[in-house]
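Read the structure below first, then the notes.
Just so it is clear, none of the values below were taken in a lab; they were calculated from the coordinates. This is a predicted model, so every value here is computed, not measured. Every residue, glycine among them, receives a Cβ derived from its backbone with ideal geometry; neighbour counts consider all protein chains shown.
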Amino acid sequence: MAKVVFIEHNGSEHPVEAADGASLMQAAISNNVPGIDADCGGFAACATCHVYVDEAWLDRLPPMDEAEDSMLSVSSDRKHNSRLSCQITVSPALEGLQVRTPEFQF
């Protein structure tokens, strides 16, 4: 288990205990975190689990693959630290990770 913090666009924080091997999206859905819609169920096919990874964590995550990059390219809210939470696997190394949710998921 790793403790991760989801921060809404309004600043509300949602610390959750995320199971190793689960995706950040699954952790958010299991803990009723607002702002993560996950319409496609975690298949990188909708971008409704878009998050902004805290700058300090960007280099600690594996690089995004082509499918994730392609899906994020349709988001009008994409930033340099955008990721799909369904594509980030929880591990003990992510203890303390902070991600922010955009105001709207598309």
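Does anything in the stretch 26-61 have its amide N under 20 Å from the 7 Å Cα→Cβ label point of Glu8, and if so which residues?
Label zone hits: 26-39, 48-54.
What's the local net charge at Pro34, with K and R +1, D and E -1, over the other residues with C-beta under 14 Å away?
Local net charge: -3.
For every helix of n ≥ 4 consecutive DSSP H residues, a contribution of -39,500 (n - 2.57) applies; sum these over the chain, divide by its total residues, and give [θ] at 222 nm rounded to the nearest 500 deg cm²/dmol.
About -3500 deg cm²/dmol.
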